[in-house]
Amino acid sequence: MKRPYFALLLTTILFGASQHGAAQELSIHQQKDIKNQVDEIFTEMVSYAEKLNYDQLTDRVDDRYHAGFIVNNQYYADYSSLVDVVKAGSQGVTKQTISIGKKKITVLSERLALLTTSGITDVTLNDGRKFKVNFYWSFIYQKFGDQWKVIHSHQSRSS
């Protein structure tokens, strides 16, 4: 009795391994276009973050899946709770400049992309103090209609 189940399992595994997974085959041109679109949205989001413009940032996020957002080992089940914490934490910040170091965009399908990056943020407080923060970010973008939006992110920092 065990032998037929084992044979069925082995056949299923071998068949599955021989097939392409759920990944979508895209041409180099399609991948390049998607990377450019995602990079354009990311660049906008960095600009909004520098200006502490949370309304514009929020417009670039879609939280319909409630996939969660992670910032410095803290999990936020929904984006609005994260924004509330970030707004409170940015009180007293008069300026921040975000310098992107390494960045990679991986196209997963015509509607999904992963962006990973690291860099340094220069922060100026209203009392004149300045400091630098190293950051490490990952964003999952999904295309809804003709707009790319963040559906999940993971952000860490070190001083």
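The values are calculated or read from the model by the stated rules, or taken from the named source; none is laboratory data. Only a predicted model underlies this, so the values are computations on that prediction, with no experimental measurement involved. Don't worry about glycine lacking a Cβ; one is built from the backbone with ideal geometry, like all the others, and counts go over all protein chains shown.
Miscellaneous remarks
- Within segment 126-138, being farther than 19 Å from residue 46 by Cα and assigned to a strand (DSSP E or B) holds for one residue alone: 130.
- All conditions but one from (1) over 26 Å from residue 35 (Cβ atoms); (2) part of a strand (DSSP E or B) apply to residue 87; the one that does not is (2).
- Annotation note: Cβ proximity below 6 Å between a residue of segment 53-65 that is free of Cβ contacts under 8 Å to residues at least 24 places away in the same chain and a residue that is in a helix (DSSP H, G or I) and not aliphatic (A, V, I, L, M) (sequence gap 6+ or interchain) occurs for 56/48.
- Residue check for residue 61: at pLDDT 95 or above, surrounded by 13 or more Cβ atoms within 10 Å (Cβ to Cβ), under 16 Å from the mean Cα position of the chain (by Cα) and over 22 Å from residue 143 (Cβ atoms): no
- Looking only at residues of segment 75-130 that are over 30 Å from residue 27 (Cβ atoms) and among the acidic types (Asp, Glu), we find that the one that is surrounded by the most Cβ atoms within 10 Å (Cβ to Cβ) is 122.
- Criterion (assigned to a strand (DSSP E or B) and over 30 Å from residue 32 (Cα atoms)) met by exactly one of 141, 75: 75
- Some residue of segment 25-48 being assigned to a helix (DSSP H, G or I), hydrophobic (A, V, I, L, M, F, W, C) and more than 14 Å from the chain's Cα centre (by Cα): yes
- Qualifying positions in segment 90-110 - in contact with a strand residue (DSSP E or B) (Cβ under 6 Å, 6 or more places away or on another chain), under 22 Å from residue 136 (Cβ atoms) and not in a strand (DSSP E or B): none
- Contact map, segment 133-146: first residue closer than 15 Å to residue 158 by Cβ, second residue not in a strand (DSSP E or B) and not β-branched (Val, Ile, Thr), Cβ cut-off under 9 Å, separation 6 or more or different chains; pairs are 133/159; 134/159.
- Of 52, 114, 125, all but one fail to be of a type in the set (A, V, I, L, M) and closer than 21 Å to residue 144 by Cβ; the exception is 114.
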